[in-house]
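First comes the structure, then the notes that go with it.
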């Protein structure tokens, strides 16, 4: 029965270029029959045209002309898979260092990272960088596919060597769950079905691990939050405040505080799509009716205790994607946090993370793809939680005022592992 | 196989997709000056319009609806367009490919020729003339490998072009629609929906659709591996045999390049069961416009297509 309700798991593939991320996703989709016949035919035809064998599985997700010509992934491809109980949204991310910003795009909404490592080369700098970014972004569980086992004679020793590297790093980065699986994405071993080439391995296949992992986004938040997106005028003159709930649910009758104005009031009613509800659960795009008259608008936030901070100056962890370095020379930047945008100034850069050792080095600027720590000062007050407490009220982006390009991903506070 | 419709308002994947879409609609309207919703009369744009009405209820839609009219429509789709726009109490703008042809901006492919690619010019003209800086579309990432690569908010330069190598990072749900004058964004609230999700949602919300989505008898000819409906825009050649078949349409595009599928699915439940076990993709089964080359969709998107 195809209509049973399903839960939703968002995952991102991460790891270095050429370790086989796209091939693994291609294999997984082909072996679980998620591809239509014509899509498979098209992949076969494109492979043949380029003289690279019967079926280049990476072409399942590498859909751009330039990607197929160069044999690398440039930007995230989103693919979808369903099993009887679960819908998967798969972000197949690029491994190349030049496209780290696109990897961060894919990983920022992921519940889980599928890490692909070439058994012969082990963890590379880019694997470190990706794991570090995934951990910063709040991905809590990882599945590690130790790939190309067919080229290592299915050696348990070779597999174990990579597992040891991963376990050390995973512990330092604070992932709560790690599963390592010996696979050949090319041949399909331990991807959708268990392989007879690895009799020494009795763990799950990649598919089983994905089905068993916990769905739903990571929430450690205390307190309900609704950043106001839009004010809806109600017939008869009232107003309701529309936005998406994060942290915890709101209920009719809850005492809430409107921030940054710091006005206490009560939730009189909750609506969704014009219909009334008693509860607004996390993730619902609801609108709230407040008991007292306020002049709340877009950019304000409705919250329950414990309340977030109202501040114009805070410490942040920053993944810098700009082409020119981030420094304190007065670059014109804008910050977008929840539904609010404000001019921002970099007051101090307090360090840069060494990707290999995970230590913080002194720095006064951040180069492209650096991850660093900075003190930011905003023109308007923001209502923030630490990122590790709320993924919505703790995250922001930096925007170049001139080009409007998004140049950084930012997280309020320091990552757990720092 | 029998199917029952899901109960509304359980916390399942449809709820997650629905709230996400509402959030995107509100963000774009709040951040952009002059948004517009692109409406073809197909099921995806019908779902989009339904979601837009929900996002701003009980207010009226804070943007108009734009139909790029190729002049090669199915009558049932035009009737549905007018019904749906009236039900949503929305303002409809129709931009006609015929006008673009009459103005001499593109060559006339003739009465039976494909106008698919010409739509892009009409679309870009309508965006420029009305100074729209954001256009909502019902495109889904599962439709095509180029669409699979596109951001939810897709930046377009002053020529309407998509540059897949220079997409803005799109982190969390911090959608960033800021553009300079002349530039615009396309916003795709249904990005993460699959064909099956769309049908399940239509069933759950008991939505109205053009009747051609449901099985009906029709005169068809087989051409390029597709069943085309014989009518004003498809004239059988002497070599083609016209037969009457029980068919339905899986997608709705121009009458001369949208194929029907043989199907007896006359109810939403039957369609869901059919879609769930389909082994050909919806565009592969029914769209002549995607069959030109390996990167047909990428090429059209680079030119400014939907």
From A:332, A:391, which residue is surrounded by 18 or more Cβ atoms within 10 Å (Cβ to Cβ), in contact with a strand residue (DSSP E or B) (Cβ under 8 Å, 6 or more places away or on another chain) and at pLDDT below 90? A:391
Residue check, residue A:253 at positive phi, touching a helix residue (DSSP H, G or I) at 6+ places or on another chain (Cβ under 8 Å) and free of Cβ contacts under 8 Å to residues at least 60 places away in the same chain: no
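For the stretch A:30-61, which positions are touching a residue at least 60 places away in the same chain (Cβ under 8 Å) and either within 12 Å of another protein chain (Cβ to nearest Cβ) or in contact with a helix residue (DSSP H, G or I) (Cβ under 6 Å, 6 or more places away or on another chain) (or both)?
Scanning the stretch A:30-61 gives a single hit, A:57.
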Verdict on residue A:96 being surrounded by fewer than 22 Cβ atoms within 10 Å (Cβ to Cβ) and away from every other protein chain (no Cβ under 13 Å): no
Do we find that residue B:220 is crowded, with 18+ Cβ neighbours inside 10 Å, within 14 Å of chain A (Cβ to nearest Cβ), at pLDDT below 90 and assigned to a strand (DSSP E or B) in this structure? no
Would you confirm whether or not the stretch A:124-133 contains a residue that is surrounded by fewer than 21 Cβ atoms within 10 Å (Cβ to Cβ) and in contact with a strand residue (DSSP E or B) (Cβ under 7 Å, 6 or more places away or on another chain)? no
Quick check: is even one residue across the stretch B:230-238 part of a loop (DSSP other than H, G, I, E, B) and within 13 Å of chain A (Cβ to nearest Cβ)? no
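One line per residue, one yes/no per condition, for (1) within 30 Å of residue A:342 (Cα to Cα); (2) modelled with pLDDT of 95 or more; (3) within 14 Å of another protein chain (Cβ to nearest Cβ); (4) crowded, with 23+ Cβ neighbours inside 10 Å:
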| position | (1), (2), (3), (4) |
| --- | --- |
| B:1 | no, no, yes, no |
| B:4 | no, no, yes, no |
| B:18 | yes, yes, yes, yes |
| B:25 | yes, yes, yes, yes |
| B:64 | yes, yes, no, no |
| B:76 | no, no, no, no |
| B:99 | no, no, no, no |
| B:105 | no, no, no, no |
Being away from chain A (no Cβ under 14 Å) and more than 24 Å from the chain's Cα centre (by Cα) is the requirement here; does residue B:247 meet it? no
Filter the stretch B:75-120 for residues that are part of a helix (DSSP H, G or I) and without any contact (Cβ under 8 Å) to a residue 12 or more places away in the chain; the one that is farthest from residue B:37 (Cα to Cα) is B:102
Residues located in the stretch B:173-182, provided they are facing chain A (nearest Cβ under 7 Å), within 14 Å of residue A:335 (Cα to Cα) and either surrounded by fewer than 18 Cβ atoms within 10 Å (Cβ to Cβ) or in contact with a strand residue (DSSP E or B) (Cβ under 6 Å, 6 or more places away or on another chain) (or both): B:174, B:176
Out of everything in the stretch A:62-73 that is surrounded by fewer than 23 Cβ atoms within 10 Å (Cβ to Cβ) and facing another protein chain (nearest Cβ under 10 Å), what residue ends up being nearest to residue A:20 (Cα to Cα)? A:68
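Test residue B:44 against the stated conditions and say whether it is assigned to a helix (DSSP H, G or I), out of contact with any strand residue (DSSP E or B) (no Cβ under 6 Å at 6 or more places or on another chain) and free of Cβ contacts under 8 Å to residues at least 24 places away in the same chain.
Values: assigned to a helix (DSSP H, G or I): yes; out of contact with any strand residue (DSSP E or B) (no Cβ under 6 Å at 6 or more places or on another chain): yes; free of Cβ contacts under 8 Å to residues at least 24 places away in the same chain: no.
Taking the combined requirement at face value, the residue does not satisfy it.
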One residue from A:116, A:139, A:76 being on the phi < 0 side of the Ramachandran plot, away from chain B (no Cβ under 13 Å) and modelled with pLDDT of 80 or more: A:116
Quick check on residue A:208: is it surrounded by fewer than 18 Cβ atoms within 10 Å (Cβ to Cβ), more than 14 Å from every other protein chain (Cβ to nearest Cβ), outside any loop (DSSP other than H, G, I, E, B) and at pLDDT below 95? yes
I need the full set of residues from the stretch A:260-288 which are within 29 Å of the chain's Cα centre (by Cα) and over 20 Å from residue B:23 (Cβ atoms), in order please. A:260
Could you please give the count of residues in the stretch B:140-163 that are within 7 Å of chain A (Cβ to nearest Cβ), in contact with a helix residue (DSSP H, G or I) (Cβ under 6 Å, 6 or more places away or on another chain) and in contact (Cβ under 8 Å) with a residue 24 or more places away in the chain? 2
Residues that are exposed (fewer than 14 other Cβ atoms within 10 Å of the Cβ) and within 14 Å of another protein chain (Cβ to nearest Cβ): list the strands (runs of 3 or more DSSP E) wholly contained in the stretch A:240-326 that include at least 1 such residues. A:275-277
Could you please let me know if residue A:139 is touching a residue at least 60 places away in the same chain (Cβ under 8 Å), farther than 26 Å from residue A:413 by Cα and in contact with a strand residue (DSSP E or B) (Cβ under 7 Å, 6 or more places away or on another chain)? no
Failed condition for residue B:39, given (1) more than 8 Å from chain A (Cβ to nearest Cβ); (2) out of contact with any helix residue (DSSP H, G or I) (no Cβ under 6 Å at 6 or more places or on another chain), with all others met? (2)
Residue count for the stretch A:79-90, restricted to those that are within 20 Å of residue B:281 (Cα to Cα) and either touching a strand residue (DSSP E or B) at 6+ places or on another chain (Cβ under 6 Å) or facing chain B (nearest Cβ under 8 Å) (or both): 8
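The values are calculated or read from the model by the stated rules, or taken from the named source; none is laboratory data. Here the structure is a predicted model, which means the values were calculated and not measured. Glycine gets a Cβ as well: all are built from the backbone with ideal geometry, and neighbour counts include every protein chain shown.
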